[in-house]
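Some notes on the structure that comes next.
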Amino acid sequence: MHRSIRRLSSLALVAILALAARSAPEAPDRPIQGDKWAVIIGVGEYMNLDEDGQLPGAVQDARALRDVLVGRWGFPDDQVLLLLDREADRQGIERAFTEWLPSRVGPDDEVVFYFAGHVSQIWVDDGETEDGLRQT
């Protein structure tokens, strides 16, 4: 992955999303046959990171996308699962994908997934990365 892409902050992503939403048509190019669902995750508070590692904008980014999906794209409020900070732990995220979505989503439905927060890195020795790290 190109370094400049990795450095793109979640704030910049929200700005891009906001500009796209303003210039986008009122509805998708093709009608959605089924229902619209979304799982939106925003994590800004990290217990194992000092103040410099916190992402205060991640929760606001997640809420902003939720507002765009509901207000602009017609997602029903009760069909958007918003997990913020401590709600977005491993158990909460797994439950979203193994219980919440499968019990509701049909074959013609469309699902949006969004994550705002830190990712992780692993060491790799494949010669493909400059720094020996791959984003996960």
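The values are calculated or read from the model by the stated rules, or taken from the named source; none is laboratory data. Not measured: the values here are computed from a predicted model. All Cβ positions, glycine included, derive from the backbone under ideal geometry; neighbour counts span all protein chains shown. Accessible surface is based on the protein model in full, side chains and every heavy atom, while ligands, DNA and RNA are left aside. Shrake-Rupley method; radii C 1.70, N 1.55, O 1.52, S 1.80 Å.
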Could you list, in sequence order, all residues of the range 71-84 that are surrounded by 14 or more Cβ atoms within 10 Å (Cβ to Cβ) and part of a loop (DSSP other than H, G, I, E, B)? TRP73, PHE75
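What about LEU83, is it at pLDDT 90 or above, under 14 Å from the mean Cα position of the chain (by Cα) and over 11 Å from GLY117 (Cβ atoms)?
Details: at pLDDT 90 or above: yes; under 14 Å from the mean Cα position of the chain (by Cα): yes; over 11 Å from GLY117 (Cβ atoms): no.
Taking the combined requirement at face value, the residue does not satisfy it.
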Using the structure shown, decide if ILE41 is of a type outside the set (Gly, Ala, Ser) and open to solvent by less than 20 Å² (accessible area, probe 1.4 Å). yes
Based on what the data block shows, is GLU87 closer than 30 Å to ARG134 by Cβ, in a helix (DSSP H, G or I) and either open to solvent by 80 Å² or more (accessible area, probe 1.4 Å) or touching an Asp or Glu at 6+ places or on another chain (Cβ under 9 Å) (or both)? yes
For residues in the range 96-136 being surrounded by 13 or more Cβ atoms within 10 Å (Cβ to Cβ) and among the small types (Gly, Ala, Ser), which is farthest from GLY53 (Cα to Cα)? ALA96
Out of curiosity, is GLN60 over 20 Å from GLY34 (Cβ atoms), out of contact with any Lys or Arg (no Cβ under 6 Å at 6 or more places or on another chain) and exposed (fewer than 15 other Cβ atoms within 10 Å of the Cβ)? no
